[in-house]
1. What accessible area per residue comes out for the chain, rounded to a whole number of Å², with a 1.4 Å probe?
2. Would you pull out the residues with amide H under 5 Å of M35's amide H, same chain only if 5 or more places away, H placed 1.01 Å from N?
3. Among the aspartates and glutamates, which fall within straight-line cross-link reach of K108, defined as a Cα-Cα distance under 20 Å, with same-chain neighbours fewer than 8 residues apart omitted?
4. Dipole magnitude of region 173-257 about its Cα centre, charges +1 at Lys/Arg Cβ and -1 at Asp/Glu Cβ only, in debye to the nearest 20?
5. D for region 1-96, whole µm²/s, Stokes-Einstein with Kirkwood Rh over alpha-carbon pairs at 4 °C and 1.567 mPa s: what number?
6. As I understand it, the dipole of region 173-257 uses +1 on the Cβ of Lys and Arg and -1 on the Cβ of Asp and Glu, about the Cα centre. Which of Y203, A227, Y193 lies farthest toward its positive end?
7. Applying the Karplus parametrisation 6.51 cos²θ - 1.76 cosθ + 1.60 with θ = phi - 60° to the phi angles of region 296-303, what ³J(HN,Hα) value in whole Hz is obtained for each residue in order, glycine and proline being reported as x?
8. Mind jotting down the three principal axis lengths of the chain based on Cα atoms? Whole angstrom, largest first.
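The values are calculated or read from the model by the stated rules, or taken from the named source; none is laboratory data. A quick note: this is a predicted structure, and the numbers were derived from the prediction, not measured. We place every Cβ from the backbone using ideal geometry, glycine too, and count neighbours over all the protein chains shown. Each accessible area value is taken on the protein alone, full model and side chains, heavy atoms only, with ligands, DNA and RNA left out. Shrake-Rupley method; radii C 1.70, N 1.55, O 1.52, S 1.80 Å.
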Amino acid sequence: MYDVMVVGAGPAGCTAAKTLAEKGKKILLLEKFKMPRYKSCSGVLIRKSMDLVKTYFGEAVPASALCTSTQNRGMVFTDDKGKEYRFEQEGLNVWRSHFDGWLAGKAKESGAEVKDGTAVVSCTEKDGFVEASLGGEGTDTVRAGYVIDCEGVVGTLKRRIFRQTSSASEPGYITTYQTFNEGSIDLDPHYFYAYLQPALSQYDAWFNVKDDLLVLGVSVKDREQIAHYYRRFLAYMKENHRLRIDRQTKEDKWLMPQIIPGCLVDYGVGRILFAGEVAGFLNPMGEGISAGMESGYHAACAVMENFGQPESVRETYRKRTEELQAYMQRQWSLVGGMAATFAKMA
Ligand SMILES: Cc1cc2nc3c(=O)[nH]c(=O)nc-3n(C[C@H](O)[C@H](O)[C@H](O)COP(=O)(O)OP(=O)(O)OC[C@H]3O[C@@H](n4cnc5c(N)ncnc54)[C@H](O)[C@@H]3O)c2cc1C
């Protein structure tokens, strides 16, 4: 019997587990993959993420998590009419496998039991606790006073939980596709570039650099259209930025929640809270690491403050994340103002 079981060792889960463990709670952090696991991500830590790492983990991001160009100096957005907006800000460029592995290590140092290679298959609320069944070797069940589900975008567990109770708001998904390439381009590797022209993607297209590899990506609502938009984006980058690809070394596909105006959040049900992307915490500028850490922290504090009063936990959590939600909505307005495609997503 644990005080709290945390599902998923991403930024949200590691922050929740660390916060509760250092306050003396008996914590189990479960991750379905062996750590360090791969996570498709541009790996840009904005200033806010760097500050949250210091606040919640007591240290700066270690050099071992960084890739070149190690410093990110901001984002450059091109709107749907081809106008450029520069957002200059100090940031970092990380590999998510190393960064998240470090966060999980910090949760462990604080006293959380970390079990990787183990998926949580289902969670059922019983009288005064939650029972979870685990996949992998030996099908175990685990009991905990509360569960904080930080499983990330797909939300398989969340859907199962809601099927047992009420119905969740089903988010639409965006598919992201990116390739890693050897080659050259005339853009500054210290910036993240996003392109919002509807001819290049159904959401955004992007360019950034990781360990000297040129990363080119497009996101689409219709998966069948990936090749079409990717081809167009490459042609655009060749024409406008002298892109030359010598060799593609890797590609990956992932999902992102489709962010809608209002930035809806599912806080949880009963003794089960949702945090991070599975709850809907994602900055519309494509930045979800800070939103994950911040919501994971507040979910943990809400549990801590109301341990004996489960009926108050969700309301405390909602109140604690009001400012984060307002921040997401401000970002939504900013991006929505740059491209008509975003405004139409309502
Ligand atoms: C292409 C792309 C680029 C991005 N670029 C950036 C960026 O530059 N900067 C930024 O801040 N954000 C970026 N994001 C968003 C960011 O990656 C996410 O918002 C962030 O990782 C969400 O954190 P999380 O902790 O909620 O979930 P995740 O990081 O997804 O972690 C969830 C964890 O839960 C585990 N899990 C899932 N199901 C189970 C289960 N049943 N049992 C046990 N474990 C389970 C998963 O394996 C995973 O390790 C990007 C996203 C994409 C797709």
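1. 42 Å²
2. Counting only residues 5 or more places away or on other chains, the set is G117.
3. The qualifying aspartates and glutamates are D3, E22, E31, E59, D100, D116, D149, E151, E294.
4. Values: 11 positive and 12 negative charges, 48 e Å.
In debye, rounded to 20, region 173-257 gives about 240.
5. Working: Rh = 15.5 Å.
Answer, rounded: 84 µm²/s.
6. A227
7. Couplings: x, 4, 5, 4, 4, 5, 4, 5 Hz.
8. Dimensions of the chain along the principal axes of its Cα atoms: 63, 41, 36 Å.
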